[in-house]
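Read-outs throughout are calculated quantities, based only on the coordinates presented, and are distinct from any laboratory measurement. Predicted model, so just to flag it, every value in this text is computed and none were measured. Ideal geometry is used to build each Cβ from the backbone, glycine not excepted, and the neighbour counts take in all protein chains shown.
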Amino acid sequence: MGKRTTLENKFYDLFNEYFYNAEKHRRWNVYEDIPWDQASKTPDPEVATLVESFFAVELYLPDYVRHIMRMVRKSRGRAWFQANWGYEEAKHSMALEKWLLTSGARTDEQLQDWESQVLDEEWILHYGDEQLMSLCYTVLQEFATGLTYRRLNTFTKEKGISDPALAGALSLLHRDEIGHFNFFKKGLQMYMEVDRDRALEAMTGVLQSFHMPAAHIIPGWDARDKLIRDWDVMTDRIFLKDVVKPVMKNLGIDHQEMRAVRRRMKEQAEKDAPEVTEIIEAELSDDKYSQAA
Ligand SMILES: [Fe+2]
Ligand SMILES: [Fe+2]
């Protein structure tokens, strides 16, 4: 087979590398690899609500897969990755659900009711068919989700809660999310090699509007979000300091370069439509990376 040279062919190589490593080092079994018999039988109610909230985010899997698969179906590397990604994400919701049940935090009936409430709403892709923005968003989101599971695991232990089942599940989920982050990060770096300016402009746009997936459609999200903040699992400050900064560093993008991109976008906007420049200026000053730097 000839050397794969186009961007999409490189994605297929990237998928192969990802899949090889996942098969070799990262596969786990939801029934056997988590010590379910060691789940706490007196679960902390706040931990239960946090787990139930993250379970809800993972429940939109059919929407995530459907929208993204439609967008990338002609890219074998990305489509095959998406199929594998769906399999891994399916286990995340299953593990969180199994903990809620095994610990007795929720009954089967309560969880079925919760699932039905959550799926009453449909998740829609933020950025329409803009693949590059979606990719930038996913790079940040996978890293942030991984960090969320790790922080919940750490804080649960720090509060003296001993639950090897929850700890085991959260560790496996964290490791998967970081695996996903690495795939998307390398994919974005491939775009950056082809057209760095366009990739950085897409990232600038995403940084201005980032929020966690599906948050706005999950029932009772405001109270759940408050609990996530109260526990310091994920806040705006953590997002800036412990997500945006390391992700940008990982991508090899520094603060000065992002500032130049913002300036260029502003000048272009002034040329294209002077009357909206003021609005864009206000949005750009809200850029999360400049606050993080
Ligand atoms: Fe996940
Ligand atoms: Fe993920």
Sequence order, the stretch 210-216: Karplus ³J(HN,Hα) from phi using 6.51 cos²θ - 1.76 cosθ + 1.60, θ = phi - 60°, Hz rounded, Gly and Pro as x, gives 5, 8, 5, x, 6, 3, 6
The stretch 158-185 and the stretch 62-129 have their Cα centres apart by a whole-number Å value of 17 Å
Nearest 10, in degrees from 0 to 90: the angle of helix 76-102 to the longest Cα principal axis of the chain is 30 degrees
The FRET efficiency for residue 272 and residue 209, from their Cβ-Cβ distance with R0 = 22 Å and rounded to 0.05, is 0.65
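With Cβ to Cβ distances under 13 Å as the rule, what net charge do the other residues near residue 27 carry (K, R +1; D, E -1)? Let's see the in-between values first.
Details: positive: 24, 26, 91, 175; negative: 23, 32, 33, 88, 176.
Net charge around residue 27: -1.
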Computed from every Cα-Cα pair in the stretch 114-182, P(r) in 10 Å bins starting at 0 and rounded to whole percents is 19, 31, 36, 13, 2
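For an R0 of 41 angstrom, estimate the FRET efficiency from the Cβ-Cβ distance between residue 171 and residue 197 and round to the nearest 0.05.
Values: r = 39 Å, r/R0 = 0.95.
That pair, residue 171 with residue 197, gives E of 0.60.
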The helix 255-272 Cα axis meets the longest alpha-carbon principal axis of the chain at an angle in degrees, between 0 and 90 and rounded to 10, of 60 degrees
Helix 7-21: inclination vs the chain longest Cα principal axis, degrees, rounded to 10, gives 30 degrees
In order over the stretch 182-194: 3J(HN,Hα) from phi, Karplus 6.51/-1.76/1.60, θ = phi - 60°, whole Hz, x for each Gly or Pro, gives 4, 4, 5, 4, 5, x, 5, 5, 5, 4, 4, 5, 7
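Give me 196, 78 sorted ascending by neighbouring Cβ count inside 10 Å, so fewest comes first. Write out the running numbers ahead of the final one.
Values: 196 15, 78 24.
The order, fewest Cβ neighbours first, is 196, 78.
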About its Cα centre, the chain carries a charge dipole, from +1 on Lys and Arg Cβ atoms and -1 on Asp and Glu Cβ atoms, whose size in debye to the nearest 20 is 1300 debye
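Sort the following peptides by mean Cβ neighbour count (other Cβ atoms within 10 Å, averaged over residues), highest first: 23-34, 47-58.
Numbers: 23-34: 12.5, 47-58: 22.0.
Final packing ranking: 47-58, 23-34.
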For 46, 158, ascending order of other Cβ atoms within 10 Å (fewest first) is 158, 46
Toy charge model, Lys and Arg Cβ at +1, Asp and Glu Cβ at -1: the stretch 1-119 dipole around Cα centroid in debye, rounded to 20, equals 1100 debye
With label points set 7 Å from each Cα along the Cα-to-Cβ direction at residue 94 and residue 117, the distance between them in nm comes to 2.6 nm
Label model pair residue 154, residue 32: point-to-point distance (7 angstrom along the Cα→beta-carbon line) in nm is 3.3 nm
Share of Cα-Cα pairs in the chain beyond 23 Å, whole percent, is 58 percent
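When only Cα pairs under 8 Å and 6 or more residues apart are kept, what is the percent relative contact order across the chain? If you can, show how the numbers build up before the last one.
On the way: 288 pairs, mean separation 65.7, N = 293.
Result for the chain is 22 percent.
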Sorting 85, 95, 16 by the position of each Cα along the dipole of the stretch 7-253 (Lys, Arg +1; Asp, Glu -1; all at Cβ), the one nearest the positive end of that ordering is 16
